[in-house]
Each structure stands twice: as structure tokens, then as C-alpha cells.
Amino acid sequence: MGRRMRLTPAPIYLFLLICTGGYAFIPGVDGPVSNVQALEGGSVTLLCDSTPDASDDEFMILVWYKNNQPIYSFEVPDKQWSEPSFNTSSRLVGDIRAQPTSVTITALTEDDEAMYHCRVDFRLSPTRNVGINLTIVVLPSPPFFMDEMSNKVVGRVGPYHDGDTLVLRCLVIGGRPPPRISWYSGDTLVDASDGDSDIPTVRENELYLPLTRDNAAALSCRASNTHLAPPIAATLEIELYLPAYNVSIHWVRGTMGDALRAGAVALAQCTARGSYPQPELSWWLDHKHLTHHSNQTWYNSTLTAVSFLELSPAVIDNGATLACVATNPVMAPSRGSKADVFTLNVTYSPMVDLIRLGDANGNEVVELDSLHLECDVRANPPVERFMWYFNDIEIKPGSIWGDETFSQQLLVEEATRAHAGRYSCAAANNIGETRSDNISITVFYPPECTGIGIRMVKETIHCNVKALPAPDTYFWHLQPSNFEVQHLTTGSPILPLDQITGPLAETLKASCEASNGVASQEEACDRTFSFEHLRPPQPHQCDIAYEFGEFQMRCIPVENATYYEVSVWRMSESNSSLVLERRASMGFGTGRALAAAGPGNSGNAMGGRLAVRAALGRVRRGDEAGARACNRYGCSTPLLLRPTDTLLHEADPPWWHFLLEKDVGISVGAVILVAVFIISTVLVVRLARRPRNKPTPVIQVLQLDDVARNYLDNIGEHKVHASCSLRSCSSGYSDGSGDSGPPVDRRRKPAWERWHEPPPPDVTLTLHRESAV
């Protein structure tokens, strides 16, 4: 992590106070804000994500503020600080190791309601701010009840009769925010019209409830002002007098259906439901009061009364009526009585039940275990024969059932999947035949492959097995081409390909095994897959352009492609085949290319759509450029394009381009330097020997020495013009004598001829002080 600035707790606190004085967190501007509610006296955990945006970054300091005042800070590596006045009794605990980081505040009070925010400083990334608006919820007091006379009611109210109207008030003190008060009859909402009371900080809900059997359950008043805690409830029982709403007689034993057998004892049960208080049950046979019956039983929780009657009917009782009457003792007989009447059919036949014997696990059996069923019969006279049924078809001897199919028991030594289904048994005597209810037997068996066993659907591999119960675990063994075997365990028969590590461009050897808790699969499902059908299609809208001084391949993206490749193919030296010259990746165009080929450029060959593109570099006549679409499963066949003559002509360099080549440029530069040197040398020499400008002729009186006189006398012999000396110059000058030589050639001689003439004498000119004309 390198060197870090290390601060002691005191400097950190002073630094935070200084920063806070000049900076205040603005919700929604400096960072996002979320709303959090917590209960008074409870705790709250405030989260702050301190994960850097870049992998090479790390956070340095994390600070929590309450209303822009620091209350907690953490500095890397392990320096923590908290505001003493806030962190009383160590109620603030920070967790910096987990992500996101958090601080937990316990023993919350109303003073803790504030705007909290955390600030995270990173080593490289910008500072991050996250705000949390904390609201403290204060629960109200428990509800209490008052009747219409303003008397406090506790526990039970009443008694009332069916149809009376109940008037009650439910009151709640305090709570922030103000609670909602609702009345419930059992679990049914009956009134939610709460409001403020005349007493400050008190809310109430007054209930007007017409009492019926449907709302005779216990009343509850529930007050709630937050989802953080269940509603605060108070319950009140209603004492409501009700008549029985249902009286029924049914035979407990001694019958076949509704039939009785003469001389046989049958047991009848009378059940009265819905009466309060407990009703009185009486039995009547053909309007004759029967006194020999059991003492009745009362179930107060369900308002149910039960009475039993033992009856030995005779033949003469066939067609008689049996009645059970329930009477509420606190109500008028005309209002509080209800009865059920049953007509007797005196016969008797077997009563049959089907049970499973042995160490049974319900109606489930594992394949190859034994199955033992018994037909339990109560009958008079005794049963003469038994019949067994499988899926409502009578079982015949032989086949998978063996020969014992007419006894009271059915035994299968080794159950298979073919034995799974519905079973029932029947018993018959000379009065009739009775068949038991069906029981369903389930045979569990281990997984095994079905069909091709394992197949690929789109980008998922399916393991097709059958088993009972359904498999809950799948073991996968996967080996991509030239890659090690991978072993995965899942709870689903479907495995997405993105869970497989390694290349999937060629083939994949896959096998799966399932387990359902009964047994593991004996033989795995194996198959080898190829991924040609998952590869993207060949690009079909491509062109070659010469842009920005180079050849470019442009293509419209195709479906199922994650990247693209471009290649250049060149004719081999033998002109027999194309060989790969170079290959590169294609990407979406640069800003300049996008601007030139954007939606507003209707002349673009791509139709103004965003295209992938790549530079081809130098392309020669006869070269071909290929573009292909690729994804994880390989690449499509390339689309080959050849640049047109127009593009090649546009890309040809100018005639002088060869001068820019390295060897030619060096040679031409050397020649130019030599020529410049020669020309500059000649110019310098000519400039050095160029005559000066001629001055205006002046007649002077000179005083000559002997040497000068001798030179002037013989000037005709030298046949030269008056020349320039080093100190003066005159042109066409003569001493005025009549003797003159032959005409002098006044043409200027070339420089190379003048170099061989003798130089003139050194003539010293002295200006005469007396004459100047």
C-alpha cells in the first residue's frame, strides 16, 4: 500500500472540525440520500460503500457525520475515533472489514433522528459522499377499551344476543408518527376509521358493530405506526348468546353406508355446532324420548356439543325416524332449538379399511423393498371373499402379483415401479360387498438417463433423467478441448455454459449424474458437443473504404457477436494461393470516424448506422480483406472483399513519393548539398572580385614622383586602361598630351586574362592644396 499519512485521533478530530466548518453535505448534490427508520430504544446499522472504483486504488479515511458534525472516523490501517458525547456507553460500533462498511448505533433516542452521511477519501479516486436520513419511530402505548358509558372494559364484554349492536371505543396514548387504530373480529378487519381524541396525544376508534354469528369471535384493537414492529394489540372477548346453526346425525359403526342390520348394535353420533352457551341434546325415535344415551361432551373453543346413542334396531324399526334436538337453555325454545332427523334402514354388511403392515414409511416404498397390505374388515355376517384392486382394476393371480390375490393380505416381495398406484380391497358377505377407500402407494427409484440423456438447448446443457423423488443434486463432469476436466455440483438439471471455465470454441465432453436421496445414478449420461450453431453469422454488410490516409474495413454488427476480426490475404510468390498477411481486431470507430459516418451522413455506405471498423494498412492489387464475427464459441467464416481499382488509384502515392524513401532521400540530399556548396563558393569568389562603383571624375593637380612619371610615359606600351589602385580609382583619365598610341580596346577582359597582367605601380595621390577645378 506504500507510505500513508498517519494521523493521531486528536489531529483527525481537529481536521474534521475545520473541514466541517467550511463544508456542509447537500443531499442529492454531494451524494445520494436514502431514508432509514429505526425504533426508539432499538438499534440501526448505517451502510457506506468504501470499495474503490479502480482495482489499484484504496480508501484512506472514512468519516461519519451527524448533521454535518463528525461522530466517527477510521484511518487506514487501523485508527478509529468517535465523538465521546455521542458514543456514550459504547453504543456506536464500526465495522470496517466488511463491504459495505457500517456503523451500528444502539439505545436509540429521539435525539438520534438526524441526517447522517459518510465521507470516504481514496488514495486516487475522488471523495465519495453517501447520505442517510434517519427517522426514530416511537411506539404508542397498548390500546385500552371503554364502553358507551365511558367505563373501562377489560377481558370480556356482554352478554349480548344475536342482532344486538356493540358500541366500544379503543384508545391509544402517544406514538410518533401517530398510530393507525383498527378493529378486528378474529382476523377480519371491521373498522379502521380512527381519529384524534379530545385528550391531547390520544387517538381513538369508536366501533359500532351489529353482532351476528359471523363476528362473534374475539375482538382485537390494533395500533401500528411502523412496519418495523408488529401492531400493538389488545383483545376483548364477546359474550354472545347463539342458537346452534347445525345439528347432524351420523353412524359411527354398525352400518353399511346408512344401512343397519336387525339385531346388530349401531352407534349414532349427534353433533351440534355454533350454540352458546352449551346446548342440551336429546334423542327421539319416532317421537319417543330416548334416555339411554351417553353424557354429552362440550368443546368450548369450537362451540361444539357431541352426544352418542347406541341402538339395536329391530325389523319393525325399518323406516322409523331418529331425531337429535339441540336446545339453548337461555333462549326461548322457538328461537334456540334446532334438530336433525334420520330415517333408519335396518341392514348390516361388512365395514372395510385398507392398511399397510410392517415398518412402513407412510405409503412410500423404495424399489426392491417389500410391500405388505391388509384389508381390515368389520362385518356381520363374516366376510366370504376378498378382492384386491390396482388402479380400480381387479388383480388376477399371476403376473407381478403372485398367486395369493384372494386373501385378506397382499404381499409383494420386491416392489418395482410397476407396483406404484392406487390400491383398494373389497369384502363381501351374504348381505353385500364393501370396498375400501383407495390408498396410493409410491415407489421410489434412483435416477437414470432418458432419451439421449444430456442435450444442449441454446446456451444451456440439460441433464435428462427420470427418478422418484425428483433429483435434488446433479454432478457435472466437463472437459473443453485441450483443457482440464471440471467438476461442478448443482441443484438444477440445467447448467448454463457461462459456468464452464475454459475455451468453448471447439468441442466439450460433458457427463452428468443425479442423486435423489434414494440412491445415486449408476451410469452417467455422456455426450460430446460442438458449438458451431452458437457461433455468430458471417458479416454480410461490409465495404472497404480509403479514409484518413489508409484502407479501412467497415461492417454492420451481427447478432451474437462479442468481437470482430479483420485479416489481409496476399497472393503467394508462386501465385498459386492466398496466404495470410496479417490479422487484427475490429472495434467501433474513433471519434473522427464516427463523426464522418454518423446518422447525419446520408452518403455513408453503412446507411448512417454505427459500424465496427479496422485499419487494413497497406493493400496491394490482388489482395483480399476478410472480416469475421466472433464470440466465445468461435468465429464465423470470413467475408472476403477486394479493393476496387478506384480505391487503389486513390491510394497510389504521387510521382515524387519515391524521394521520401530512405536510400533515395539520402542520395538526393547529398547531391543538393554538393551543388549548393559549389554555387555558393563561385558566388563568394565573384563577389570578392567585383569592381567598386566608379566615382565622379575629378581634375586634380598631382605631384608625382619619378616612378609614377615613368609609368605614365610608358602607359601606351602596356595597352591598358587606367586601373584601380588599392586607394583610388578613375576611368578614362588622360594627361592631355597629343601623343597617343594605337586605339585602346575598351572591352573588359575576362577575369582569367586579367590575372596574368602586371599590377600597376603603387601610386600615392596627394591632393594639392592650391587648386581644385
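The values are calculated or read from the model by the stated rules, or taken from the named source; none is laboratory data. The structure displayed is predicted, hence computed values, not measured ones. Cβ placement follows ideal geometry from the backbone for every residue including glycine, while neighbour counts extend to all protein chains displayed. Please note that ligands, DNA and RNA were not included when accessible areas were found on the heavy atoms of the full protein model with its side chains. Shrake-Rupley method; radii C 1.70, N 1.55, O 1.52, S 1.80 Å.
Of all residues in segment 506-516, those satisfying the criterion of being without any contact (Cβ under 8 Å) to a residue 60 or more places away in the chain and open to solvent by 20 Å² or more (accessible area, probe 1.4 Å) are T507, K509. Taken together, the residues in segment 104-140 that are in contact (Cβ under 8 Å) with a residue 40 or more places away in the chain and either in a loop (DSSP other than H, G, I, E, B) or of a type in the set (V, I, T) (or both) amount to 18.
Can I132 be described as at pLDDT below 90, under 33 Å from the mean Cα position of the chain (by Cα) and surrounded by 12 or more Cβ atoms within 10 Å (Cβ to Cβ)? For I132, the condition - at pLDDT below 90, under 33 Å from the mean Cα position of the chain (by Cα) and surrounded by 12 or more Cβ atoms within 10 Å (Cβ to Cβ) - is not met.
What do you reckon, is P70 over 25 Å from L39 (Cβ atoms) and out of contact with any helix residue (DSSP H, G or I) (no Cβ under 8 Å at 6 or more places or on another chain)? Give the derivation first.
Values: over 25 Å from L39 (Cβ atoms): yes; out of contact with any helix residue (DSSP H, G or I) (no Cβ under 8 Å at 6 or more places or on another chain): no.
In short, no.
Across segment 29-86, which residue is nearest to T101 (Cα to Cα) among those that are within 25 Å of the chain's Cα centre (by Cα) and among the hydroxyl-bearing types (S, T, Y)? Result: S50.
Restrict the check to segment 328-343 and report whether at least one residue is in contact with a helix residue (DSSP H, G or I) (Cβ under 6 Å, 6 or more places away or on another chain) and either over 24 Å from G432 (Cβ atoms) or surrounded by fewer than 17 Cβ atoms within 10 Å (Cβ to Cβ) (or both). Quick ask: steps written out before the conclusion?
Filtering segment 328-343 down to residues in contact with a helix residue (DSSP H, G or I) (Cβ under 6 Å, 6 or more places away or on another chain) leaves 328.
Then keep just the ones that are either over 24 Å from G432 (Cβ atoms) or surrounded by fewer than 17 Cβ atoms within 10 Å (Cβ to Cβ) (or both); that gives 328.
Yes, because at least one residue in segment 328-343 is in contact with a helix residue (DSSP H, G or I) (Cβ under 6 Å, 6 or more places away or on another chain) and either over 24 Å from G432 (Cβ atoms) or surrounded by fewer than 17 Cβ atoms within 10 Å (Cβ to Cβ) (or both).
Would you check which residues across segment 392-410 are part of a strand (DSSP E or B) and surrounded by fewer than 16 Cβ atoms within 10 Å (Cβ to Cβ) and list them?
As a first pass, look at segment 392-410 and keep what is part of a strand (DSSP E or B): 393-394, 409-410.
Listed by number, the residues that qualify are I393, E394, Q409.
Across segment 310-325, which residue is most open to solvent (accessible area, probe 1.4 Å) among those that are modelled with pLDDT under 90 and not in a loop (DSSP other than H, G, I, E, B)? If you could, list the steps in order and put the result at the bottom.
Step one: of segment 310-325, the residues modelled with pLDDT under 90 are 310-320.
Filter once more, so that each one left must be not in a loop (DSSP other than H, G, I, E, B): 310-311, 315-317.
Details: E310: 115, L311: 19, V315: 112, I316: 150, D317: 34 Å².
It comes out as I316.
Only residues that are open to solvent by 70 Å² or more (accessible area, probe 1.4 Å) and closer than 14 Å to N464 by Cα were counted across segment 517-540, and they come to 3.
Taken over segment 144-178, the criterion of being within 12 Å of E237 (Cβ to Cβ) and either open to solvent by 40 Å² or more (accessible area, probe 1.4 Å) or in a loop (DSSP other than H, G, I, E, B) (or both) is satisfied by V154, G155, R156, G158, P159, Y160. Taking the listed residues G254, G263, the one that is touching a residue at least 12 places away in the same chain (Cβ under 8 Å) and surrounded by fewer than 20 Cβ atoms within 10 Å (Cβ to Cβ) is G263, with no other qualifying.
Only strands (runs of 3 or more DSSP E) whose full extent lies in segment 489-570 are considered here, and the ones with at least 2 residues that are more than 30 Å from I452 (Cβ to Cβ) and at pLDDT below 90 are 542-547, 550-555. Would segment 576-592 turn up any residue that is among the acidic types (D, E), out of contact with any Cys (no Cβ under 7 Å at 6 or more places or on another chain) and either assigned to a loop (DSSP other than H, G, I, E, B) or touching a residue at least 60 places away in the same chain (Cβ under 8 Å) (or both)? No; the residues of segment 576-592 include none that is among the acidic types (D, E), out of contact with any Cys (no Cβ under 7 Å at 6 or more places or on another chain) and either assigned to a loop (DSSP other than H, G, I, E, B) or touching a residue at least 60 places away in the same chain (Cβ under 8 Å) (or both). For segment 185-221, the set of residues classified as of a type in the set (S, T, N, Q) and assigned to a loop (DSSP other than H, G, I, E, B) consists of S193, S197, T201, T212, listed by residue number. Checking the structure you have, find out if any residue of segment 446-466 is part of a strand (DSSP E or B), closer than 30 Å to T255 by Cα, open to solvent by less than 40 Å² (accessible area, probe 1.4 Å) and not basic (K, R). Within segment 446-466, not a single residue is part of a strand (DSSP E or B), closer than 30 Å to T255 by Cα, open to solvent by less than 40 Å² (accessible area, probe 1.4 Å) and not basic (K, R). In segment 137-183, the residue that is modelled with the highest pLDDT out of those that are more than 24 Å from N225 (Cβ to Cβ) and among the hydroxyl-bearing types (S, T, Y) is T165.
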